[in-house]
Amino acid sequence: MGIETIYVIDDDPLLRDFMNEALRRKGFTPRLFANGKEALAAMKHDAPDLVFSDLIMPEVDGMEVLSRAAKLSPQSTIVIMTAYGTIESAVEAMKAGAHDYLLKPFSPDQLEVALIKAEEQKRLKTENDFLRSELDSRDSRAVVIGNDPSMQRMYENVRRVARSKATVLLHGETGTGKEIVARMIHQSSPRCDRPMVKVNCAALSENLLESELFGHERGAFTGATERKLGRFELAHGGTLLLDEVSEMPVGLQAKLLRVLELEEFERVGGTRTLNVDVRVISATNRNLHDEIRKGKFREDLFFRLNVVPIHLPALRERPMDVPELAHSFLEEFCEKAGEMKKIEPAGIKLLQSYRWPGNVRELRNLVHRMVVMEPSSDITADCIRGELLSRRALGIDDAPCPVVGTSIGDMERDLILSTLEHTSGNKEEAARILKVSSRTLRNKLLRYGQAQLVGA
């Protein structure tokens, strides 16, 4: 959506008249205000897309408009208008959240440039909001939450590549949300009104996978009692996701390469060449360079699939995103269960210290289980510690990885408790492993409020 509602706020009637005429020539019908107080009152009922505000005005100046508009209408783009003598104040306004500024007097052409920049800003904001919401996936929150720089780079790559037809290779560990990112790309692309089709290359044998991809004619093989359309045909005009593409048999990789290069293929058992328009996104959790060296993946296919690579960072690489993710999942599952729960701050620290081999998917499942199984309204640090220790006992993970923000005391306490878990409560054995005396171990347990373990 583009810009529709525009406010012009200035105590100079000549400037308001100029803006009114210039904007109407561009097809807009701006609302004109002689002061910031009137504009802010109107903003309570009619949030504008774009606001042009003078900086120096009586009663309510441009800085106050900027500050209060951030609360009344956070979706609004603010452009400050100022004279040359107050350029430093305009810079301060930019730091406070203004999108742009115009130096008076300005021409219609300069106003048009400001409009173009504001429309681009709104478009980017709309796309980012879309990527963070309304994804048709059960755990769509899993990937789109993240303020870590690596996630922001991923968002930017998604936004850029979505406009094109370029093939994309998504690589990341299991549970990082590769299918969700593929859907983000599709839904943000010009193909969003066409189907997105997925095929798991690891789930089928070579013959069945060939039939799934390209379809087959009646009688092509035993059991082929009728013609079947393949995934490429079903995805015509849209997007095809090749999940776990590294598992595709080498013999089938050559046929895939032909479709990517020539956009044509034949159904299994068929002779007619079919043309297809499909945007291909591939996903893998393997290092394809290693697969190429092993002879399990064609190098020419890799280059064709890897036009735009997008890396999905593992959750342990962005531990500062864990609190927001955990609270988001907590809200999701509490809403479904009709309950109100919260996670203790100490519990959040424990979640941040865990390595998450199953990544965001594992965190989501763990929060779900705690919402269901924890009887109290507080999900305590002890509850979370027990969950994490049980996962380690099952061999799901190695020892927790300390992160910035975890105190030395917390690290020591967790190490002692996990060692005692390993030794089934045998303090002498735990002391030997920790290379401390039994007395030292007892003193530390008392210090960390674990008196019940001292006499155990």
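The values are calculated or read from the model by the stated rules, or taken from the named source; none is laboratory data. Because the structure is predicted, anything quoted here is derived from the model rather than measured. Cβ placement follows ideal geometry from the backbone for every residue including glycine, while neighbour counts extend to all protein chains displayed.
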Inset, instruction - Please note which helices (runs of 4 or more DSSP H) are completely contained in the range 161-275 and include at least 1 residues that are closer than 20 Å to Lys296 by Cα. - result: 206-214, 250-262
Inset, instruction - Identify the residue in the range 305-337 that is part of a helix (DSSP H, G or I) and in contact with a Lys or Arg (Cβ under 8 Å, 6 or more places away or on another chain) and, among all such residues, is farthest from His368 (Cα to Cα). - result: Arg316
Legend entry - Residues that are surrounded by 12 or more Cβ atoms within 10 Å (Cβ to Cβ) and under 21 Å from Lys71 (Cα atoms), drawn from the range 92-117: Glu92, Ala93, Met94, Ala96, Gly97, Ala98, His99, Asp100, Tyr101
Inset, instruction - Say whether the condition of being in contact with a Gly (Cβ under 8 Å, 6 or more places away or on another chain), on the phi < 0 side of the Ramachandran plot, at pLDDT below 70 and surrounded by fewer than 13 Cβ atoms within 10 Å (Cβ to Cβ) is met by at least one residue in the range 444-456. - result: yes
Legend entry - Candidates Phe28, Phe18 - the one that is surrounded by fewer than 22 Cβ atoms within 10 Å (Cβ to Cβ), assigned by TED's automatic domain parsing to the domain that holds Val113, among the aromatic types (Phe, Trp, Tyr) and assigned to a helix (DSSP H, G or I): Phe18
Legend entry - Residues of the range 344-375 that turn out to be under 18 Å from Glu331 (Cβ atoms) and assigned to a loop (DSSP other than H, G, I, E, B), as a count: 2
Legend entry - Among residues of the range 208-261, those that are at positive phi and of a type outside the set (Asp, Glu), counted: 4
Legend entry - Boolean, Arg318 is within 30 Å of Asn157 (Cβ to Cβ) and among the basic types (Lys, Arg): yes
Legend entry - Filter pass, Phe329 being in the same structural domain as Asp382 (by TED's automatic domain parsing), surrounded by 16 or more Cβ atoms within 10 Å (Cβ to Cβ) and either over 25 Å from Gln152 (Cβ atoms) or in contact (Cβ under 8 Å) with a residue 60 or more places away in the chain (or both): yes
Inset, instruction - Hey, could you check the range 290-311 for residues that are surrounded by 15 or more Cβ atoms within 10 Å (Cβ to Cβ) and of a type in the set (Lys, Arg) and say which is nearest to Val259 (Cα to Cα)? - result: Arg304
Legend entry - Selection status of Met81, surrounded by 16 or more Cβ atoms within 10 Å (Cβ to Cβ) and either part of a helix (DSSP H, G or I) or outside the structural domain of Phe106 (by TED's automatic domain parsing) (or both): no
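Looking at this structure, is Ala283 modelled with pLDDT under 95 and within 33 Å of the chain's Cα centre (by Cα)?
Working: modelled with pLDDT under 95: no; within 33 Å of the chain's Cα centre (by Cα): yes.
Here the answer is no, as Ala283 does not meet what is asked.
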Legend entry - Residue in the range 362-376 that is closer than 21 Å to Thr419 by Cβ, touching a strand residue (DSSP E or B) at 6+ places or on another chain (Cβ under 8 Å), modelled with pLDDT of 85 or more and assigned by TED's automatic domain parsing to the domain that holds Glu324 present: no
Inset, instruction - May I ask you to say which residue of Arg258, Arg304, Arg272, Arg293 is in contact (Cβ under 8 Å) with a residue 12 or more places away in the chain, of a type in the set (Lys, Arg) and assigned by TED's automatic domain parsing to the domain that holds Ala166? - result: Arg304
Inset, instruction - For Glu119, work out the one condition from (1) of a type outside the set (Gly, Ala, Ser); (2) at positive phi; (3) modelled with pLDDT of 80 or more it doesn't fulfil. - result: (2)
